[in-house]
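A.B. asks: Mind having a look at this structure? Questions to follow.
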Amino acid sequence: MILRERQNRIMTALRTDGAASVRDLAAALAVSESTIRRDLEILDRNGELTRTYGGAVLTPGATVEDHGATAEEGAFDDARDVDLKWRMATAAAAMVTDGSVIILDIGTTTPLVARLLRGRDITVITSNLAVFDELRDDEAVRLVLLGGVVRRNYRTLVGSLAELALSQVSADIVFLSCTGVRSNGHVVDNMAVEAPIKQSMIAASDRVVLLASEAKFPGSGALRLCSLTDVDALVTTSGAPDETLALCRNAGGEVTVV
């Protein structure tokens with residue numbers, strides 16, 4: 001069995017069950033466990049799955065096949081998610097003033113912010129290739145693409161080159177994404193290769209705006225990016241817990257609920 005075929009079968013197993021062990025995958029594909037471990041390491045580097053102790057799981061946001069759900073239910077959930085992201089993006093774009101320098105983080109909401117900023121007299125710095133695609137032909141926006149290693153599945157640039165570039169940057173505002181906001185106010189992420197980039201973006205910016213829908217409370221992730229007390233503004237949706245939002249408000253941060 002060739003490498004790509006084997007990896008495709010690994011991904012099929014994960015999309016069906018959400019997780020798989022090295023032992024089970026090796027038995028199902030009739031290869032050694034060391035071969036499976038190498039495959040999982042490659043797929044993890046490419047962002048197609050997340051390695052765990054003894055196996056792997058689908059990356060956050062990937063879809064597990066649910067044979068009990070109807071197409072209508074899935075469409076409703078997707079439509080609602082897109083609506084929430086557009087509302088957050090609209091609130092975020094309204095915070096940007098002409099002539100400012102902004103950093104747009106990775107994620108699926110920041111490209112929507114970029115779309116709403118088209119035609120503005122601003123500078124946009126990003127490691128998000130989806131943001132780059134939104135603005136690449138806009139002559140009004142000065143666009144700075146950070147260097148680094150491409151994570152194709154996430155359409156982002158990571159690594160020491162991106163961190164080094166950010167150390168030379170001074171921005172007015174960063175629109176930050178995350179995978180979770182804990183009840184104690186810790187803003188966390190689950191991607192070890194992306195957390196340092198996000199922290200560098202925070203360090204390079206005068207103002208930090210966190211974009212986190214209600215689904216991110218508490219969300220997931222173990223890598224601490226910052227705290228809600230470090231955030232200047234939080235844009236979220238109506239299902240976010242009031243007691244957690246109060247941590248941001250009590251520290252002097254603005255909270256916008258869309």
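Read-outs throughout are calculated quantities, based only on the coordinates presented, and are distinct from any laboratory measurement. Fair warning: this is a prediction, and the values are worked out from it, not measured in the lab. Ideal geometry is used to build each Cβ from the backbone, glycine not excepted, and the neighbour counts take in all protein chains shown.
A.B. asks: So, with +1 on the Cβ of K and R and -1 on the Cβ of D and E, and no other charges, what is the size of the charge dipole of the stretch 3-58 about its Cα centre, to the nearest 20 debye?
C.D. replies: 80
A.B. asks: Taking a ≥ b ≥ c as the square roots of the eigenvalues of the Cα gyration tensor of the stretch 131-170, is the shape rounded (a/c under 1.5), prolate (a/b larger than b/c) or oblate?
C.D. replies: oblate
A.B. asks: Quick check: from the Cα gyration tensor, does the stretch 164-258 come out rounded (a/c under 1.5), prolate or oblate?
C.D. replies: It comes out oblate by the Cα gyration axes.
A.B. asks: For the pair residue 46 and residue 12, how long in nm is the line joining their label points, each one 7 Å along Cα→Cβ?
C.D. replies: 1.5
A.B. asks: What full-extension length gain, to one decimal in nm, is calculated for residue 3 and residue 30 as 0.36 nm per residue of separation minus the Cα-Cα distance?
C.D. replies: This chain segment gains 8.4 nm when fully extended.
A.B. asks: Now for a different question. Mind checking which of 157, 203, 114 is farthest towards the positive end of the chain's charge dipole, using Cβ charges of +1 (Lys, Arg) and -1 (Asp, Glu) about the Cα centre?
C.D. replies: Ranked along the dipole, the leading option is 157.
A.B. asks: Okay, next question. What residue among 218, 111, 241 has the largest mean-square fluctuation in a Gaussian network model of the chain, using Cα springs under 10 Å?
C.D. replies: Result for the chain, Cα springs under 10 Å: 241 fluctuates most.
A.B. asks: Normalised by the number of residues in the chain, what is the relative contact order in percent for Cα pairs under 8 Å and 6+ residues apart?
C.D. replies: Computed value for the chain: 13 percent relative contact order.
A.B. asks: Say R0 is 51 Å: what FRET efficiency, to the nearest 0.05, do residue 243 and residue 138 get from their beta-carbon distance?
C.D. replies: Given R0 = 51 Å and the Cβ-Cβ separation, E is 0.80.
A.B. asks: Something else: At 222 nm, what helix-only mean residue ellipticity would the chain give, in deg cm²/dmol to the nearest 500, using -39500 (n - 2.57) for each DSSP H run of four or more?
C.D. replies: Value at 222 nm, helices only: -11500 deg cm²/dmol.
A.B. asks: Stretch residue 251-residue 118 to full length: gain in nm at 0.36 nm per residue minus the Cα-Cα span?
C.D. replies: Net length gain for the segment: 44.6 nm.
A.B. asks: Zone of residue 57 (label point 7 Å along Cα→Cβ, backbone N under 19 Å): which residues in the stretch 156-177?
C.D. replies: Label zone hits: none.
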